[in-house]
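Can you read through this structure? Questions will come right after.
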2 protein chains.
Amino acid sequence: MLSELVKKELKRIVGDSNAAFAREDLLCYSYDATNTLYLPEAVVFVESAEEVSLILKMANSEGFPVVPRGAGSGFSGGSLPVEGGVVISTERMKGIIEIDTENLTAVVEPGVVLWEFQQEVERKGLFYPPDPSSMRFSTLGGNIAECAGGPRAIKYGVTRDYVLGLEVVLPTGEIINTGVRTAKGVVGYDITRLMVGSEGTLGIVTKATLRLLPLPEAVKTLLVVFPDLKDAAIAVSEIIKAKVIPSTLELIDGVSLRCVEEYARVGLPEAEAVLLIEVDGSRDGVEKDAAAVERICMETGASYAKSATGKDEVKDLWKARRAISASLFRVKPNKINEDVVVPRASIPELISGIREIAARFNLTIACFGHAGDGNIHVNVMYDKKNHYEAKAAEDAVADVFRLTIGLKGTISGEHGVGVSKAKYLSMELKPEAIEAMKRIKAAFDPNGILNPGKIFPKKAAEEGAYMVGPEAAGQPAVTG
Amino acid sequence: MLSELVKKELKRIVGDSNAAFAREDLLCYSYDATNTLYLPEAVVFVESAEEVSLILKMANSEGFPVVPRGAGSGFSGGSLPVEGGVVISTERMKGIIEIDTENLTAVVEPGVVLWEFQQEVERKGLFYPPDPSSMRFSTLGGNIAECAGGPRAIKYGVTRDYVLGLEVVLPTGEIINTGVRTAKGVVGYDITRLMVGSEGTLGIVTKATLRLLPLPEAVKTLLVVFPDLKDAAIAVSEIIKAKVIPSTLELIDGVSLRCVEEYARVGLPEAEAVLLIEVDGSRDGVEKDAAAVERICMETGASYAKSATGKDEVKDLWKARRAISASLFRVKPNKINEDVVVPRASIPELISGIREIAARFNLTIACFGHAGDGNIHVNVMYDKKNHYEAKAAEDAVADVFRLTIGLKGTISGEHGVGVSKAKYLSMELKPEAIEAMKRIKAAFDPNGILNPGKIFPKKAAEEGAYMVGPEAAGQPAVTG
């Protein structure tokens, strides 16, 4: 429990109007997209690195947890105050400090909404590629903490590839600058990339220097329909093998298609799978690439391919794509949304394996996502009031993870570990690797005050709970 | 001094023929491109992560330094055994384990020579962009340890951007796997990128998974001649402002031009500056980009531009470019070779500033390098037998660093800190940032056995030795 003295000091640091302690205010900062709820004891709205520093120093001396929060749109619980304490919201730090059109860089505060930043950048003929589905509301600070990806990662990479430098407050309160304003820079250890994707457990970002690109001259959007899901998966691999790198290569399976069409009504076809593909670049290059993609898809079993004509049609298609996650609740009231990645040539195997798991557990599993980079969102649908189904869903997820690891993949491409995947960490990482990460955490946060309860399983006993490899194959999943 | 028991154990671990203790053998592993010499007490040629692990564990229990070494081509002393001990050479680990043309990845051992890897990759129609001038002899392990760059970084980034995952032996002997085989992956902290550029102080890489690209369809090479160096620097900035991103954009100043032409005789023009520019991509795109580049250069004061015709001419130009560093010894017998980076729009200011410094110290300073990404190799030429000139050279370098930091740049783009830049570290990094890095080092290497004496200044007193900012401007340099 926060003492009255701590509360008073918080108000002194951020100003009375920037600190909230009432239950109704706290409720608004108690959840994220995982739909679980943990009430903090205070929420403060910071406006500078200095304020963050003072709060973190006090957290160390007084012993309370601090949890940084952007828009709270994360899928793994990264911003949940699972041990209570103080939520630091960066939503008032929304300054776009600089967009440098000569050096193709920008300096931003963490509370800037991704969409607003992208609009601003594109008005200047520049381009900031990361595009998670939450792009209209998620913040740059949250994107950095979770290393947000999105459809365009296949060609342009993820948030990590666009962060040049940071101003970050360490858990012990020191304000440091990391990285550079240039593409190259090798002075000292790469704390910039260590911070990216560290899920708010190693520091709180208060400023970021981002890399921009010139906006591509042309973009072309294709919708390709497949009677068979597996053929769509094979087409993904064939496109890359032909050395065409689309800017997005999204797969949507039949379940997802039907749900989202009912929900968004944009005229998506009734099919077992579609690929939503964009190519970008020079005007000539785009036409050539689009033609190649269409040819490959038709040769791999597509029933038809059409280019989206006009801005509205493209907008509708992407609106539908981004609405899939929400629309799936039409199938069942609850879902476990995972974001496994496999080397893209293994997508057909992943898809077959998931179908087999769905059949074995008698569950609906909707698959969609960034097939081009091997990152599939696997949505296991269930009703949590049905105890057996809930247990089956959890066991199915563990099997999906085993399948993924067996295909040399990773259990999270962009959502992070947070709370929801912590117990599966040892499926992917050897104990020595987890130990090395814990050493970094302890070196930066000796008192464990920053975003506790994330990434690492709480009890050592849980770490060995999941077995991967031949000895585990075919056995029922053990859930911790 | 290594005990006889340690020597015996080293031989047992790697085999008699893979351990050397004789002075004549040790001499071959005592230097790098900095031309300084530190004799190790043993050199061992490892062939597996397990061997490395056993040696590191013994180093901790017996207390001797271990220094990893690739080809020894580094410019900052990263592979020098400055405190003696055991050099671990990875030169026998030269396996290209896999080139996966479907997933565009490769798995390699650290001793593979970059050039040999690139040839192998290109034979399969794929592309591994990092291209330091040492590419014909430097190893992938060394490239990873130093985060090697090169001319193509302007468009394609540096080594960091192509390392997906590592097998790495931690200083305490644990063998861990980091990262993934896919573009996305956010499970746990990014130890992969922490290792890249850590100059062999945090672990020894024994295997790497690298990202490949499709080989561009076409490349076009232009040589553009400028009567005035400053105009060439302005042209660099104008090209990027026009949103053309060449695959290389190299600047060579008059001093460098004259030296390398005498040395390599490839018919380079007599001029105050040339830009060596390559554009790549689709056949149409390349022609369009080359025309745009040529137009911009001519408008910015170029006297003429020509495209290289035929493979031999292109090869000659690049041979000359890569020979500059060695050819400069025609001016003076010694040089300090730095690789500062500034935001590219500030290159004209950097160049003017360096000219002013050269004039003030009465020194020849040759500038060439990767102007496109703001990374200029500044070569301060001197004769070390002339004590006054040697001191002037050192002071001039400190002034170049101050100028660079003032322009929001970094003192090293690709060479690293190692031994040669350690005393300048505090010019760029605040004490709190250096402290955070030292905490990481201590967390990974509690006994300080792995590559000691690198990156961090030895004595705390040295850290404050260099002042940057207004209070230092114009004052004579203080050298530690």
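Can you tell which of B:78, B:114, B:147 lies farthest toward the positive end of the dipole of region B:46-151, using +1 and -1 charges on the Cβ of basic and acidic side chains (Lys, Arg; Asp, Glu)?
B:78
If you don't mind, another one. At a 10 angstrom cut-off on C-beta neighbours, averaged per residue, how do the peptides A:309-317, B:107-115 rank from highest to lowest?
B:107-115, A:309-317
Which whole-number percent of Cα pairs in chain A have a distance greater than 35 Å?
Of all Cα-Cα distances in chain A, 33 percent exceed 35 Å.
Ignore the peptide's own chain and count Cβ atoms of other chains within 10 Å of each Cβ in B:143-153; give me the average, rounded.
1
I'd like the orientation of helix A:347-361 relative to chain A: the angle between its Cα long axis and the longest Cα principal axis, in ° from 0 to 90, rounded to 10.
80
Need the list of aspartates and glutamates near residue B:384 for cross-linking: C-alpha distance under 13 angstrom, and skip anything on the same chain fewer than eight residues off.
Within the straight-line limit of under 13 Å, residue B:384 reaches these aspartates and glutamates: B:394.
Figure the gain on full extension for residue B:217 and residue B:24 (residue separation times 0.36 nm, minus the Cα-Cα span) and round it to one decimal in nm.
64.7 nm
I've got another one for you. Please give the charge dipole size of chain B, origin at the Cα centre, charges +1 on K and R Cβ atoms and -1 on D and E Cβ atoms. Round to the nearest 20 debye.
Once rounded to the nearest 20, the dipole reads 260 debye.
Something else: Provide a whole-number value for the mean count of partner chain Cβ atoms within 10 Å of the Cβ atoms in peptide B:373-384.
Mean inter-chain Cβ contacts per residue within 10 Å come to 1.
If amide hydrogens are placed 1.01 Å from N in the peptide plane, which non-local residues have theirs closer than 5 Å to the one on residue B:152?
B:131
Also, quick follow-up: For region B:422-463, just say rounded, prolate or oblate: build the C-alpha gyration tensor, square-root its eigenvalues into a ≥ b ≥ c, call rounded for a/c under 1.5, and beyond that prolate if a/b exceeds b/c, oblate if not.
The shape class here is oblate.
Moving on to the next point. With +1 on each Lys and Arg Cβ and -1 on each Asp and Glu Cβ, and nothing else charged, work out how big the dipole of the protein assembly as shown is about its Cα centre, in Debye to the nearest 20.
Its charge dipole is roughly 380 debye.
For chain B, what does -39500 (n - 2.57) per DSSP helix run (n ≥ 4), summed and divided by total residues, give at 222 nm, in deg cm²/dmol to the nearest 500?
That calculation yields -10500 deg cm²/dmol at 222 nm.
Here's another thing I want to ask about it. Would you work out which of B:103, B:242, B:396 lies farthest towards the positive end of the dipole of chain B? Charges go on Cβ: Lys and Arg +1, Asp and Glu -1.
So the residue we want is B:396.
Dipole of region A:422-463, Cα-centred, from +1 at each Lys and Arg C-beta and -1 at each Asp and Glu C-beta, to the nearest 20 debye?
120
Using a basic spin-label model with each label point 7 Å from the Cα along Cα→Cβ, how many nm lie between residue A:136 and residue B:115?
Between residue A:136 and residue B:115, the label points sit 5.5 nm apart.
May I pose another question? Using only the heavy atoms of the protein chains and a 1.4 Å probe, how would A:456, A:444 rank by accessible area, largest first?
Order by accessible area, largest first: A:456, A:444.
How would A:230, B:332, A:454, A:94 line up by accessible area, probe 1.4 Å, largest first?
A:94, A:230, B:332, A:454
Rounded to the nearest 5, what is the percent of antiparallel bridges among the DSSP beta bridges in region A:4-91?
25
Per residue, how many Å² of accessible area does chain A show with a 1.4 Å probe?
36
Can you pull out the buried accessible area for chains A and B, both sides counted, probe 1.4 Å, rounded to the nearest 100 Å²?
Its buried surface, counting both partners, is about 6800 Å².
List the residues, sorted by chain then number, that are 5 or more residues from residue B:127 or on another chain and whose placed amide H is less than 5 Å from its amide H.
Result for residue B:127 returns B:213, B:215.
Could you tell me how far the Cα centroid of region B:246-302 sits from the Cα centroid of region A:169-208, in Å?
36
May I pose another question? Which order do the peptides B:284-291, B:205-212, A:15-22 come out in when sorted by mean C-beta neighbours inside 10 angstrom, highest first?
In descending order of packing, they fall as B:205-212, B:284-291, A:15-22.
Heavy atoms only, 1.4 Å probe, whole protein assembly: order B:438, B:458, A:220 by accessible area, highest first.
Of B:438, B:458, A:220, the descending order of accessible area is B:458, B:438, A:220.
Please say if region A:322-395 is rounded, prolate or oblate, where rounded means a/c under 1.5 for a ≥ b ≥ c the square roots of the C-alpha gyration tensor eigenvalues, and otherwise the choice is prolate for a/b larger than b/c and oblate otherwise?
oblate
Residue by residue through B:171-180, how many Cβ atoms from other chains fall within 10 Å of the Cβ on average?
4
A follow-up question, please. Please give the helix A:283-299 orientation as an angle from the longest Cα principal axis of chain A, in degrees from 0 to 90, rounded to the nearest 10.
60
Report, to the nearest whole %, how much of the accessible area of chain B belongs to carbon and sulfur atoms, 1.4 Å probe, protein only.
C and S atoms contribute 51 percent here.
So how tilted is helix B:431-444 from the main axis of chain B? Cα-based, degrees 0 to 90, rounded to 10.
Once rounded, the angle reads 40 degrees.
Would you list, by chain and number, the lysines whose Cα falls below 17 Å from the Cα of residue B:454, excluding same-chain residues fewer than 8 positions away?
B:421, B:423, B:438, B:441
For residue A:100, enumerate residues with amide H under 5 Å from its amide H, sequence gap 5+ or separate chain, H modeled in the peptide plane.
Result for residue A:100 returns A:105, A:106, A:107.
Further, regarding this structure: Within region A:237-365, how many lysine pairs that are 8 or more places apart, or on different chains, have C-alpha atoms less than 24 Å apart?
Going through region A:237-365 pair by pair, I get 12.
Tabulate in residue order the Karplus-calculated ³J(HN,Hα) for region B:176-192, using 6.51 cos²θ - 1.76 cosθ + 1.60 with θ = phi - 60°, rounded to whole Hz; enter x for Gly and Pro.
Those phi angles translate into 10, 10, 10, x, 9, 9, 10, 5, 9, x, 9, 8, x, 6, 7, 5, 4 Hz.
Moving to a separate point now. How would you classify region B:205-339 from its alpha-carbon gyration tensor, with a ≥ b ≥ c the square roots of the eigenvalues: rounded for a/c under 1.5, else prolate if a/b is greater than b/c, otherwise oblate?
oblate
The values are calculated or read from the model by the stated rules, or taken from the named source; none is laboratory data. No experiment lies behind these values; they were computed from the predicted model shown. Note: ideal-geometry Cβ built from the backbone for every residue, glycine included; neighbour counts use all protein chains shown. These accessible areas exclude ligands, DNA and RNA; they are computed on the full protein's heavy atoms, side chains included. Shrake-Rupley method; radii C 1.70, N 1.55, O 1.52, S 1.80 Å.
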